[in-house]
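Comments concern the structure below.
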Amino acid sequence: MFWWPELQSVTSWKGTCHTWDYFIESTKKVIKITMAFIRHVQLLGFEKRFFPSQHYVYMFMIKWNDLTEKVVYRKYTEVYEFHKALKEMFPIESGDINKEHRTIPHLPAPKWFDGLKSTENRQITLADYFLSLLNLPTKISRCPHIINFFKVRSDDVNPTSSNNGRKPETFLLKQEATTKNVSDITGPIILQSYRVIADYEKNSKSELTVKDGDVVDVVEKTENGWWFCQIKNKRGWVPAAYLEPLDSPDESEEQEPNYAGELHITTKDFTGELEDELDVQKGETVEVIHKLLDGWWVVRRGSVTGYFPAMYLQKSGDTISEDRSQTKTKALPPRRGTISNANSIHKQKRKEISQESYRRNSKKYLKARQSTIEAMETMTIDEEKEEDNSKAQPAIPARPSKELILDRCTENTKLKIQTVT
């Protein structure tokens, strides 16, 4: 009904299909713009930046109605100016006319100087503020003022870097901290930068597509071989096998093998595709002797060793946590050794241990451990025998005869006995 007069003028003016198509496309764009709204605002934490001077910015994950997710950065002063303008737009809901009618949440004014502690303490306040704001009627929660404030800006995608190359310090907010207290906030965390050694195409929405040579910041490292990374304003899971450190390339990030082993229980059947992978049934007990970053650990079953996915292992005695159970929905990460087109920038290649070396060293350890056990058992038996001998009670001597007792008594005692009798 609203567009009908304009439609008549357009059709009478041109009367062509081209004009009709142009009108339809323009209408779609208008409708799309008016329908855009924010489903959720999640506070991720804040960054301490050093250019052009030291300051702090908060990180927000904005979830839009078209299911896209964007990361934006805003200063607290910007948030407060946004808040004041929102109150002016809605005087009734802000309580300017009647305080009892106020529905827009309160927001404290910024301090003269914002330090680390005050920036940290405001996180819970900001998280609660935007949660309350988006729960207001749609005339407020979906108004253009809120939409425009959280649109991605150029400095969100490409923030101005420091001249001396100093990287921002990132302080992440734990998910449960919004319902607890500020003491649950982590930091400071300086995200490590890694280089991608080969192209990787994502296989699910939670993963991240990266290209050879890209530099990503690692937000979280997990033992199952999937690392949560960010590049510009995109975030997602990337296999650790496709990443190599930019700094200290000659120092191995992986621990040395521990042939003593750590008991784990398998949580799923697994049949290896390669010769050096171990076939294990669900519920079997194995010993982990080497934890590798790509999520493929070297395990020992009896005297046999082989690669096994860490995703299908649970430490003996532990219960499966919710986070660990969710990771099982992911596909197995690729092994580092299977990336044939890896393009490393480091001259020294990653040190790899062959399965033959694992098995040889493992057998040596098992033999030495068995000898130690036997020696300990022998020592224990000997100690028990010595302890039994030392604790043996002496035999009770026979009672002496009356004549022998009298013979050994003094004359005074003999006289007393004779007097009694």
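Phe82 passes all but one of (1) farther than 20 Å from Phe171 by Cα; (2) in contact with a helix residue (DSSP H, G or I) (Cβ under 9 Å, 6 or more places away or on another chain); (3) assigned to a helix (DSSP H, G or I); (4) at pLDDT below 95; which number fails?
(4)
Could you figure out which of (1) open to solvent by less than 100 Å² (accessible area, probe 1.4 Å); (2) modelled with pLDDT of 75 or more; (3) within 30 Å of Leu263 (Cα to Cα); (4) out of contact with any Ser or Thr (no Cβ under 7 Å at 6 or more places or on another chain) isn't true of Ser325?
It fails just one condition, (2).
Would you say Val71 is in contact with a Leu (Cβ under 8 Å, 6 or more places away or on another chain), open to solvent by 10 Å² or more (accessible area, probe 1.4 Å) and at pLDDT 90 or above?
In short, no.
For every residue, the table says whether it meets (1) more than 30 Å from the chain's Cα centre (by Cα); (2) hydroxyl-bearing (Ser, Thr, Tyr); (3) part of a loop (DSSP other than H, G, I, E, B).
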{"position": "Glu100", "(1), (2), (3)": "yes, no, no"}
{"position": "Ser118", "(1), (2), (3)": "no, yes, no"}
{"position": "Ala127", "(1), (2), (3)": "no, no, no"}
{"position": "Asn148", "(1), (2), (3)": "yes, no, no"}
{"position": "Thr160", "(1), (2), (3)": "no, yes, yes"}
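Within segment 96-110, does at least one residue satisfy the condition of being at positive phi and either at pLDDT below 95 or buried (at least 18 other Cβ atoms within 10 Å of the Cβ) (or both)?
no
If Asn148 passes every condition in (1) open to solvent by 20 Å² or more (accessible area, probe 1.4 Å); (2) modelled with pLDDT under 90 but one, which one does it miss?
Condition (2) is where Asn148 drops out.
Only residues that are at pLDDT below 90 and under 15 Å from Arg335 (Cβ atoms): list them for segment 245-271, please.
Glu254
Only one of Ile24, Ile92 is over 30 Å from Arg153 (Cβ atoms), surrounded by fewer than 16 Cβ atoms within 10 Å (Cβ to Cβ) and modelled with pLDDT of 90 or more. Can you tell me which?
Ile92 is the lone residue from the list that is over 30 Å from Arg153 (Cβ atoms), surrounded by fewer than 16 Cβ atoms within 10 Å (Cβ to Cβ) and modelled with pLDDT of 90 or more.
For segment 44-67, does any single residue satisfy the condition of being modelled with pLDDT of 85 or more and in a loop (DSSP other than H, G, I, E, B)?
Yes; the residues of segment 44-67 include at least one that is modelled with pLDDT of 85 or more and in a loop (DSSP other than H, G, I, E, B).
Out of (1) over 30 Å from Arg102 (Cβ atoms); (2) open to solvent by less than 70 Å² (accessible area, probe 1.4 Å), the odd one out for Leu126 is which?
Of the numbered conditions (1) over 30 Å from Arg102 (Cβ atoms); (2) open to solvent by less than 70 Å² (accessible area, probe 1.4 Å), the odd one out for Leu126 is (1).
Take His40 and decide whether it is open to solvent by 60 Å² or more (accessible area, probe 1.4 Å) and closer than 20 Å to Leu173 by Cα.
yes
Could you say which residue among Thr170, Thr178 is modelled with pLDDT under 80 and either surrounded by 18 or more Cβ atoms within 10 Å (Cβ to Cβ) or part of a helix (DSSP H, G or I) (or both)?
Thr178
How about segment 289-307: which of its residues are within 27 Å of the chain's Cα centre (by Cα) and assigned to a loop (DSSP other than H, G, I, E, B)?
Lys291, Leu292, Leu293, Asp294, Gly295 - these are the residues of segment 289-307 that are within 27 Å of the chain's Cα centre (by Cα) and assigned to a loop (DSSP other than H, G, I, E, B).
Output the residues belonging to segment 182-222 that are buried (at least 17 other Cβ atoms within 10 Å of the Cβ), at pLDDT below 90 and assigned to a loop (DSSP other than H, G, I, E, B).
Within segment 182-222, Ile185, Leu191, Thr222 meet the criteria.
The values are calculated or read from the model by the stated rules, or taken from the named source; none is laboratory data. Because the structure is a prediction, the values reported are computed rather than measured. Please note: Cβ atoms are built from the backbone with ideal geometry, for glycine as well, and neighbour counts cover all protein chains shown. Areas reflect the complete protein model, heavy atoms only, side chains present, ligands, DNA and RNA absent. Shrake-Rupley method; radii C 1.70, N 1.55, O 1.52, S 1.80 Å.
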